[in-house]
Ligand code: SF4
Ligand code: SF4
């Protein structure tokens, strides 16, 4: 009973607790001053376990991202998203606008996966894998630390007059920022147009490929602006995923959290004093290390990108004062309050079921997806023609989508009847050449002996063969006089 009352008191005295007496922090963003103007963030560099782990993970992601356009599966790019030419290659498999249903279902599954992942693990994606955070913290911030020094040195440099040293440092930083942005823009463009087109842009010069060059300039400018100036505003204001946090997280979600049960009441350690307060010594190092300018001791906030910098900062302090690490750690609010391990809530189970169903559907649809699609329609407005006294003919329109990476000669045949296919404009042969990755259209006649026609509208099946192998069967109809 006493323990419960003590906990209640801690909750009320903590901004995390039911009373939320210190909730004024929710009335303004951590990156704004009292007048509502943006405050430039100077996060203190950390070097703890999480930062090292994120560095290893970030380097692996960057290596994957930059090598991605050059990686090939069966000679095809791992990822190509050529929106303008409507060519999409994912893991070496070509997708066409005709496969849009797969794309839509895939995106839906991805969305449910993101929701499920966020419900369970909070914003862990933002801190570890989001390109914005990886580039900002692992590339651009490091360049800044390297040239301008740690937080305090940066503050001093920005407040100082424009001396030769300041001009040199600022120029060097922005030149490198621009060069890295240019590199990222080239990679991004390679994912959109492919490495071959990018190579042509480099070798032929911008004048020959003006559209691609303009795109490269715009991408470079956008990346430079984001990483040199906009920075954490992307996560706090612009990114829609960040905006979703308030509806996705609940008390059992695992987030970067301050253990107020252990930490409160906070207070400085005084010499020879028996510990009269919690483990938090109110050094504010966790606040100084935060790239979005928040105090995680106030509880989960929309600005928190789960970057773990405050964990590293606090662990360093705990080590120095001989207290256990993990005052700030990955934990759920429920886990901290009730000291309960993670458990699956009905919401998590519900999302998981939907996700499994969607993934099963996508897998099945992908498995039955055709590499060559054939559509056959009887030419509208046309009846039959009598070719000779014994033969009737119908005209058809056909469309062929060749999603493979090789040219296909497709031979058309009439299934189960004595009919003959004659392509219009191909010496009356029954073969149509469909180039790789292209859509081809053709017209053809079907000649049918009159003795095969028993109804005015006969069901007809057109088969398409490639290298003697049946790849498609299309139902259509044949009009003719009944004998
Ligand atoms: S509160 Fe901690 S985890 Fe969240 S953004 Fe700030 S430093 Fe990163
Ligand atoms: S770093 Fe740890 S000890 Fe220092 S203020 Fe933050 S929570 Fe308290």
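The values are calculated or read from the model by the stated rules, or taken from the named source; none is laboratory data. Predicted model only: the values in this text are computed from it and were never measured. Glycine also receives a Cβ, built like all others from the backbone with ideal geometry; neighbour counts cover every protein chain displayed.
Taking the range 275-297 as the region of interest, how many residues are over 16 Å from residue 254 (Cα atoms) and within 9 Å of ligand 1 (Cβ to nearest atom)?
Here the count works out to 9.
Within the set of pairs 6+ apart or on separate chains, which have a first residue in the range 245-263 that is closer than 14 Å to residue 115 by Cα, a second that is within 15 Å of ligand 2 (Cβ to nearest atom) and in a loop (DSSP other than H, G, I, E, B), and C-beta atoms under 9 Å apart?
From the range 245-263, the pairs are 245/300; 245/304; 249/300; 253/300.
Could you tell me which residue of the range 302-336 is farthest from residue 288 (Cα to Cα), considering only residues that are more than 15 Å from ligand 2 (Cβ to nearest atom) and in contact with a helix residue (DSSP H, G or I) (Cβ under 7 Å, 6 or more places away or on another chain)?
Among residues in the range 302-336 that are more than 15 Å from ligand 2 (Cβ to nearest atom) and in contact with a helix residue (DSSP H, G or I) (Cβ under 7 Å, 6 or more places away or on another chain), the one farthest from residue 288 (Cα to Cα) is 302.
Return yes or no: is residue 185 out of contact with any helix residue (DSSP H, G or I) (no Cβ under 7 Å at 6 or more places or on another chain) and either modelled with pLDDT of 95 or more or assigned to a loop (DSSP other than H, G, I, E, B) (or both)?
no
May I ask you to list pairs of residues, at least six apart or on different chains, whose Cβ atoms are under 6 Å apart, with the first in the range 279-294 being in the same structural domain as residue 29 (by TED's automatic domain parsing) and the second being within 7 Å of ligand 1 (Cβ to nearest atom) and assigned to a loop (DSSP other than H, G, I, E, B)?
Short answer, once both residue conditions are applied: 292/303; 294/303.
Can you tell me how many residues within the range 239-268 are more than 17 Å from residue 301 (Cβ to Cβ) and more than 16 Å from ligand 2 (Cβ to nearest atom)?
2
Can residue 334 be described as in a loop (DSSP other than H, G, I, E, B) and either touching a residue at least 40 places away in the same chain (Cβ under 8 Å) or within 16 Å of ligand 1 (Cβ to nearest atom) (or both)?
For residue 334, the condition - in a loop (DSSP other than H, G, I, E, B) and either touching a residue at least 40 places away in the same chain (Cβ under 8 Å) or within 16 Å of ligand 1 (Cβ to nearest atom) (or both) - is not met.
Report whether or not residue 212 is at pLDDT below 95, under 30 Å from residue 76 (Cα atoms) and surrounded by 15 or more Cβ atoms within 10 Å (Cβ to Cβ).
Against the criterion (at pLDDT below 95, under 30 Å from residue 76 (Cα atoms) and surrounded by 15 or more Cβ atoms within 10 Å (Cβ to Cβ)), residue 212 qualifies.
Tell me yes or no: at least one residue of the range 32-40 is in a strand (DSSP E or B) and either at pLDDT 75 or above or not assigned by TED's automatic domain parsing to the domain that holds residue 185 (or both).
Checking the range 32-40: at least one residue is in a strand (DSSP E or B) and either at pLDDT 75 or above or not assigned by TED's automatic domain parsing to the domain that holds residue 185 (or both).
Identify all residues within the range 436-483 that are assigned to a loop (DSSP other than H, G, I, E, B) and loosely packed, with under 12 Cβ neighbours inside 10 Å; write none if there are none.
The answer is 454, 455, 467, 468, 481, 482, 483.
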